[in-house]
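Enquirer: Sharing a structure here in structure tokens format.
The values are calculated or read from the model by the stated rules, or taken from the named source; none is laboratory data. Computed from a prediction, not measured in an experiment: that's the story for all the values here. No Cβ is skipped: glycine too gets one built from the backbone with ideal geometry, and neighbour counts run over all protein chains shown. For accessibility, only protein heavy atoms count, side chains too; no ligands or nucleic acids. Shrake-Rupley method; radii C 1.70, N 1.55, O 1.52, S 1.80 Å.
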Amino acid sequence: GQGPLIHIGSVSPSGETPLYKAFVTELTDKGADFASHAQIENLIWKKLIANVGINCVCAVTGLTSKHLLGQEDCVEFITGLVHEVAAVARAKGISLPVLEDPVAYVLSVLAVTGDNKVSMLQDMEAEYIYVT
């Protein structure tokens, strides 16, 4: 991906707590490459939309990201999954640009991740996860 690997944000209803601010200061002082988000819940939902649409399908099929794009039945299944999680996000009042076309967003993630083997697939291959 592009940008910082670490994304943080306060989940406190009151906003950035003193503990959160101290954590940000500590990361900054240590030179960590991170992004702090005022609306971390939105970022979590964006990540969830991609994960729901990609991880389980890769894990079950054994395909890497780019290979899913070439499988029409997989893309149809991804479409259904993504529409479902997007509907839940909207029902919860989440407002994200990716919700305008969540399928296009997930397919674009697949396209840029190429031969990536998602962690859930790696776990299945290593027999860390058992599907029954």
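Enquirer: Is the stretch 16-94 rounded, prolate or oblate when judged by the Cα gyration tensor, a ≥ b ≥ c being the square roots of its eigenvalues, rounded requiring a/c under 1.5 and prolate requiring a/b larger than b/c?
Expert: Oblate, since a/c reaches 1.5 and b/c is not below a/b.
Enquirer: Would you please name the trypsin sites (Lys or Arg not before Pro) within the stretch 67-127 that are DSSP coil residues with at most 11 other C-beta atoms within 10 Å of their C-beta?
Expert: Lys92
Enquirer: Could I ask something else about it? What whole-number value in Å² describes the accessible area per residue of the chain for a 1.4 Å probe?
Expert: On a per-residue basis, the chain sits at 64 Å².
Enquirer: Now, a different point. Percent of accessible area on the chain owned by carbon and sulfur, 1.4 Å probe?
Expert: Summing carbon and sulfur atoms, their accessible area is 57 percent of the total for the chain.
Enquirer: Also, I was wondering about something else. Please determine, in degrees from 0 to 90 and to the nearest 10, the orientation of helix 18-29 with respect to the longest principal axis defined by the Cα atoms of the chain, where the helix direction is its Cα long axis.
Expert: 80 degrees
Enquirer: Between Thr25 and Lys66, 0.36 nm times their residue separation minus their Cα-Cα distance comes to what?
Expert: Value of the extension gain: 10.9 nm.
Enquirer: Okay, next question. Got a sec? What order do Lys46, Lys66 fall in by accessible area at 1.4 Å, biggest, i.e. largest, first?
Expert: Largest accessible area first, the list is Lys66, Lys46.
Enquirer: List every residue whose amide H lies under 5 Å from the amide H of His7, counting only residues 5 or more places away in sequence or on a different chain, with H placed 1.01 Å from N in the peptide plane.
Expert: It is Ala35, by chain and number.
Enquirer: While we're looking at this one, here's another question. Taking the structure as given and computing mean projected area of the Cα convex hull in nm², which label from (1) 9.9; (2) 16.8; (3) 12.4 fits?
Expert: Here mean projected area of the Cα convex hull in nm² agrees with entry (1).
Enquirer: Let me ask something else. For Val118, enumerate residues with amide H under 5 Å from its amide H, sequence gap 5+ or separate chain, H modeled in the peptide plane.
Expert: Ser65
Enquirer: Tell me, what ³J(HN,Hα) does each residue in the stretch 46-59 have, in order and in whole Hz, if you take phi through Karplus 6.51 cos²θ - 1.76 cosθ + 1.60 with θ = phi - 60° and put x for Gly and Pro?
Expert: Result, rounded to whole Hz: 4, 5, 5, 4, 5, 5, 4, x, 10, 4, 5, 5, 4, 5.
Enquirer: Given an 8 Å cut-off on Cα distances and at least 6 residues of separation, report the relative contact order of the chain as a percent.
Expert: Over the chain, the number comes to 28 percent.
Enquirer: Something else now. ³J(HN,Hα) across the stretch 5-11 via Karplus (A = 6.51, B = -1.76, C = 1.60, θ = phi - 60°), whole Hz, x for Gly/Pro?
Expert: Rounded to whole hertz, the list is 7, 9, 10, 10, x, 7, 9.
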